[in-house]
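Participant: Just dropping this structure here.
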Amino acid sequence: MNAGLRGPDGLDRCAWGNTAPDYAEYHDREWGVPLRGEAALFERLTLEAFQSGLSWLTILRKRENFRAAFAGFVPERVAAFTGDDLDRLLADASIVRNRAKIEATITNARATRRLDVPLDELLWSFAPEAGTRRRPRTMTDVPATTPESTAMAKELKKHGFAFVGPTTCYALMQATGMVDDHVCGCFRAA
């Protein structure tokens, strides 16, 4: 067993999942679980962008507020946001009030609506083939970017998306099960 895997509940999980109860819940139920659907993936793409420069725990704890503020992350609804909505979001203390990230969310919703393929099909096209990657032994073995996340970021930017660099794209790939970065010894490791 890797050091730091045993949680207070007796489960062996990726060490970060043992640092807060919210993290344990997220790790055990969501992180790395394959996710499909336009609104679900738009939400995750948005939240990963908002996380940039912040703790994921901050974003996770505000998740329901983000859902309410951004119309359930339905791209069609967010794409219709106006200047009044931008002002409303900038005044909403229940979310992260970062103008660039809020504007990127609206931009990304509009870019999603213009795609000629569904968002989930586009994003999943960058998932590496199953079995082509080694399971990380520790979290230090987990990369921040990969050639696939770099290619995803480049393609999204080509389609007009913003705030979607290779690191954000890789975090999205991890969160949505496009890659499986549960470490050796974690109970979620397949």
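Participant: Pick from the stretch 104-142 the residues that are surrounded by 16 or more Cβ atoms within 10 Å (Cβ to Cβ) and more than 18 Å from the chain's Cα centre (by Cα): which of them is modelled with the lowest pLDDT?
Facilitator: Pro136
Participant: Taking the stretch 143-190 as the region of interest, how many residues are of a type in the set (Phe, Trp, Tyr), on the phi < 0 side of the Ramachandran plot, surrounded by 16 or more Cβ atoms within 10 Å (Cβ to Cβ) and not in a helix (DSSP H, G or I)? So that I can check it myself, show each step before the final result.
Facilitator: Quick first cut of the stretch 143-190, residues of a type in the set (Phe, Trp, Tyr) only: 161, 163, 170, 187.
Within this subset, residues satisfying the condition of being on the phi < 0 side of the Ramachandran plot are 161, 170, 187.
With surrounded by 16 or more Cβ atoms within 10 Å (Cβ to Cβ) added as a condition, the list becomes 161, 170.
Filter again for not in a helix (DSSP H, G or I), leaving 161.
Final tally of qualifying residues: 1.
Participant: Of all residues in the stretch 97-141, count the ones that are farther than 16 Å from Met178 by Cβ, assigned to a loop (DSSP other than H, G, I, E, B) and touching a residue at least 60 places away in the same chain (Cβ under 8 Å).
Facilitator: Total satisfying the criteria: 2.
Participant: Report yes if some residue within the stretch 47-54 is under 15 Å from the mean Cα position of the chain (by Cα), crowded, with 20+ Cβ neighbours inside 10 Å and of a type in the set (A, V, I, L, M); otherwise report no.
Facilitator: yes
Participant: Identify the single condition in (1) in contact with a helix residue (DSSP H, G or I) (Cβ under 6 Å, 6 or more places away or on another chain); (2) in contact (Cβ under 8 Å) with a residue 24 or more places away in the chain; (3) small (Gly, Ala, Ser) that Ala153 does not satisfy, given that it satisfies every other one.
Facilitator: Here Ala153 clears every test but (2).
Participant: Pull up the stretch 133-190, narrow it to residues that are β-branched (Val, Ile, Thr) and touching an Asp or Glu at 6+ places or on another chain (Cβ under 6 Å), then point me to the one that is farthest from Leu41 (Cα to Cα). Walk me through how you get there before you give the answer.
Facilitator: Quick first cut of the stretch 133-190, residues β-branched (Val, Ile, Thr) only: 138, 140, 142, 145-146, 150, 164, 167-168, 176, 179, 183.
After this cut, where a residue has to be touching an Asp or Glu at 6+ places or on another chain (Cβ under 6 Å) as well, the list is 142, 168.
Values: Val142: 22, Thr168: 13 Å.
Only one residue fits best here, namely Val142.
Participant: List the number of the failed condition for Ser94; all other conditions in (1) within 13 Å of the chain's Cα centre (by Cα); (2) outside any helix (DSSP H, G or I) hold.
Facilitator: Checking Ser94 against (1) within 13 Å of the chain's Cα centre (by Cα); (2) outside any helix (DSSP H, G or I), the one that fails is (1).
Participant: For the stretch 72-84, give me the residue count where each residue is within 18 Å of Leu47 (Cα to Cα) and part of a helix (DSSP H, G or I).
Facilitator: Qualifying residue count for the region: 7.
Participant: Follow-up question, since we're still on this one. Check Asp28 against each of (1) of a type outside the set (A, V, I, L, M, F, W, C); (2) touching a residue at least 40 places away in the same chain (Cβ under 8 Å); (3) surrounded by 20 or more Cβ atoms within 10 Å (Cβ to Cβ) and name the one condition it does not meet.
Facilitator: The single condition Asp28 does not satisfy is (3).
Participant: Step by step: first the residues of the stretch 57-74, then only those that are touching a Phe, Trp or Tyr at 6+ places or on another chain (Cβ under 9 Å) and among the hydrophobic types (A, V, I, L, M, F, W, C), then the one that is surrounded by the most Cβ atoms within 10 Å (Cβ to Cβ). Which residue is that?
Facilitator: Phe70
Participant: Please identify the pairs in which a residue from the stretch 74-96 that is within 18 Å of Thr112 (Cβ to Cβ) has its Cβ atom under 7 Å from the Cβ atom of a residue that is surrounded by fewer than 16 Cβ atoms within 10 Å (Cβ to Cβ), counting only partners at least 6 apart or on another chain.
Facilitator: Pro75/Arg113; Glu76/Arg113; Ala79/Arg113
The values are calculated or read from the model by the stated rules, or taken from the named source; none is laboratory data. Note that the structure is a prediction, hence the values are computed from the model and not measured. All Cβ positions, even for glycine, are placed from backbone atoms using ideal geometry, and neighbour counts span all protein chains on display.
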